[in-house]
1. Please work out, to two decimal places, the log10 of the ratio I(q)/I(0) at q = 0.11, 0.16, 0.18 Å⁻¹ from a Debye calculation in which every Cα of the range A:175-329 carries one identical scatterer.
2. Relative contact order of the range B:97-251: what whole-number percent is it, with Cα pairs under 8 angstrom and at least 6 residues apart?
3. Would you mind checking the radius of gyration and Dmax of the protein assembly as shown based on alpha-carbon positions, in Å?
4. A 24 angstrom limit on the alpha carbon distance is what I want to check against. Which of A:LYS342/A:LYS365; B:LYS72/B:LYS184; A:LYS49/A:LYS365; A:LYS420/B:LYS59 exceed it?
5. Name the lysines eligible as straight-distance cross-link partners of B:LYS76: C-alpha to C-alpha under 23 Å, and not fewer than 8 places from it in the same chain.
6. Can you give me the Rg/Rh ratio for the range B:227-295, using Cα atoms for both radii and the Kirkwood formula for Rh?
7. Over all directions, what mean area does the Cα convex hull of the range A:333-431 project, stated in square nanometres?
8. Between the range A:374-426 and the range B:383-398, how many Å separate their Cα centres?
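Since every read-out is calculated from the coordinates, none of them should be taken as a lab result. Source: prediction; values computed, not measured. Methodologically, a virtual Cβ is constructed for each residue, glycine included, from the backbone with ideal geometry; neighbour enumeration extends over all protein chains shown.
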Protein chains: 2
Amino acid sequence: MLLALPSSAMAETGQAGANVTQFVLDNGMEVVVIPDHRAPIVTHMVWYKVGSADEPAGKSGIAHFFEHLMFKGTAKHKAGEFGARIAEIGGHENAFTSYDYTAYFQTVTPDALETMMSFEADRMRNLILTDAVIGPERDVILEERRSRVEGSPQALLEEEVQATLFQNHPYRIPIIGWMHEMEKLNRAEAVEFYDRYYAPNNAVLVVAGDVEPDTVRSMAERTYGKVARGPDLPPRIRPSEPEQNTRRSVTLTDRRVTVPSFSRSWVVPSYHRATPGEAEALDLLSEILGGGTRSRLYQALVVKAGIAAGAGAYYEGTTLDDTSFTVYGAPRGANGLEAVEKAVDAEIARIIRDGVTETELEKAKNRFVRSTIFARDDQSSMANIYGSTLATGGTVEEVQQWPDKIRAVTAAEIKAVAVKYLNPDVSVSGYLLPAQDSRPEASEIPPEMIKPETGKADEPGPIEAAPTGAGAAN
Amino acid sequence: MLLALPSSAMAETGQAGANVTQFVLDNGMEVVVIPDHRAPIVTHMVWYKVGSADEPAGKSGIAHFFEHLMFKGTAKHKAGEFGARIAEIGGHENAFTSYDYTAYFQTVTPDALETMMSFEADRMRNLILTDAVIGPERDVILEERRSRVEGSPQALLEEEVQATLFQNHPYRIPIIGWMHEMEKLNRAEAVEFYDRYYAPNNAVLVVAGDVEPDTVRSMAERTYGKVARGPDLPPRIRPSEPEQNTRRSVTLTDRRVTVPSFSRSWVVPSYHRATPGEAEALDLLSEILGGGTRSRLYQALVVKAGIAAGAGAYYEGTTLDDTSFTVYGAPRGANGLEAVEKAVDAEIARIIRDGVTETELEKAKNRFVRSTIFARDDQSSMANIYGSTLATGGTVEEVQQWPDKIRAVTAAEIKAVAVKYLNPDVSVSGYLLPAQDSRPEASEIPPEMIKPETGKADEPGPIEAAPTGAGAAN
């Protein structure tokens, strides 16, 4: 599964992104070119500034549904033809839907770039959306939900935790959609969605790889440049959260659960909504508190006390609107969930009371930046960083200045965001519990809780497409 | 404060409502006339089919805000003139906003009825909405929220319980609005709301009292009949709740709280959404379980065990969409909240397991109907029943058939709805707790929990207007 990279991955751009070129086509389509000549490969991505949080009320899932429909036929190309061409030349492709954007990409050799653009520009406007196309694909997304959500107690819990955390903002609604609304999605709604959001002036083209900006510009003008502007869309202003006054909990008890686990979340600002420095401080706070095996939570609960099988924290800073900060833990062996929860709370209380040390902060900054080495070396990661930033109202400059801003965060700022945001009396906790007759075995660990290395357990990530057209690569 | 009557009050119509006359004006305004010649008094109500659940996303509070604005001036009548006229003739007036409707009424002598209609028809379309009118009135609703919600831990808790119970439907949003959204309500939005919803074809006129239908029809044609139709509005289809899989809780700890209390709620169908008989069964279930001092909860917890200061249940069946069923309790003296909660759960479990007896059901039906004697004798209650029913898609026939439908409910049907809806693993609990340094005194009882006679503790009722125009009666 392809996940959009966390903001920490943006660290790479201090190095590789220095010579990024940016321009706008006459029809309003933004273009970003990131030269990378290490290999004869090019990553071609189109990002639409529409995600699940932009869906009309009661039509949840339509953004993701539309991502599927983009793999259907146009007047010019039958369904599957695009994918078959990519497979033929040894490339690969995929797509994903998030709260704030929907993106499509292919990785191919540079000589195939214009062909990709041509196909992509074609399906931007020329899809044939008949009931015969809509019906079977709706069955596919329903089956996808059954398998990914209904089939997973953890996923079911996360959905309701998210809807309990966000009570006014559309991030409360799952990206894949609520089942009862997905079942009713129809052709008229799909066409309306397409006509409103799929247009060059609502899209960002990102090309990274072994090409020159001028070449990309000419190709883009010959392909995307021919597509007419769409409607001018209003600013993406969504309802925001009211002040929270309560401590909330959401508990799922299920026979399929073998070991209990818990999470505790808070609504916090994203990079796009934060006052200067706060998002960077939240990123480093999550790293120090729960980012991987060197973090306080992992060291205290897993290594020293040995009471937890896993514990960590994550902050999803790359959303357009206010987002969440989460801590989590799962007991090891016979240790109770309550002991783990108390120990997690104690670590948070310690940071709120004493802050973090300079040495600790320095190490975290280094670790934080080092952890992005993989991303830095990866062409599609670079394309992802620029695409997701531009698709959520950010700029190339913000991407480039990000490493310096991370380096500028002080220990006092870390303590300040912990004090300001991690208030246990105003939080939302999720509890995943085994049913009475399936008490945990001493050695069992739920697979979804064992990801201490990444510090990312279960945050809602974008949904990858499962294109059903013949020849579509996965 | 004026509350729309619970559905139980509908019992009265079996007697008094037999000769109700109903017709529609040429411009689409529905009219209901309920003759009542016991006294030379007439109740004049206009119900608009718009409430807080119809508000645009992010504009919460605008329905209630508009109710306030209706007391401002028109080209023909200065602000306060309408109210002054009513006061002069010894009448009274008020207004209220609910999730599903907004209503305005006056009670006057029959000779003043046409004047009332004339004023009411005038403000239906001719309000002067300048910034000078909007600004100060917005301050009034903000102050109203501060006093009613921010000033009450119970109200703050209820808001977040409601938003945790309804995660997709707009009933999750408070009728009065979220503070941060109310602060931004402006003239353009008010005008748009007015033009969309305030029109004869979106209104129901109810006249109850010492008048004849033909007289009302002539008067209505001369006043409301002159108002042009508004836009044709689409059906009121709102997002509905996804399947709930979790047990949720919302806890507010506050220094102002002296005795803890709790509630437990479930999403259940309203009369308008239920399959035949289910809503009636839910009404009787709430009566048997927790409607007043003869109910199981009151008898078991308050009278026999003596552990609770109050305990009860209520079902708010009159909404347009799915609604809630709630049980609640508060400890007496040194008894813990946990003991009260367990005892409430035990009573629910007992009904789920054993159902109710025939004798008990018969008594409840009688009690249920008897409890509406006050309503039956009250002219404005009759007007309320017809108005709220018609404003939420119901019919005069439904009102008239209701007592027979209540009488037809069987004990098996009561047990069936308890089994189907009152599942503790899929519920939302609210806990109101004293802060650590304000533990309850043995004799203190929170005033909001002492209403066992009505069986109604804290359900969200419509918000009454606090008109600020000079001379507006309260």
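1. -0.80, -1.13, -1.19
2. About 35 percent, as a whole number.
3. So, for the protein assembly as shown, Rg and Dmax equal 30.6, 94 Å respectively.
4. Details: A:LYS342/A:LYS365 27 Å; B:LYS72/B:LYS184 20 Å; A:LYS49/A:LYS365 31 Å; A:LYS420/B:LYS59 27 Å.
From the list (A:LYS342/A:LYS365; B:LYS72/B:LYS184; A:LYS49/A:LYS365; A:LYS420/B:LYS59), the Cα-Cα distance tops 24 Å for A:LYS342/A:LYS365; A:LYS49/A:LYS365; A:LYS420/B:LYS59.
5. B:LYS226
6. Working: Rg = 19.1 Å, Rh = 16.9 Å.
Using Cα coordinates only, the ratio equals 1.13.
7. Mean projected area for the range A:333-431: 9.5 nm², to one decimal.
8. 55 Å
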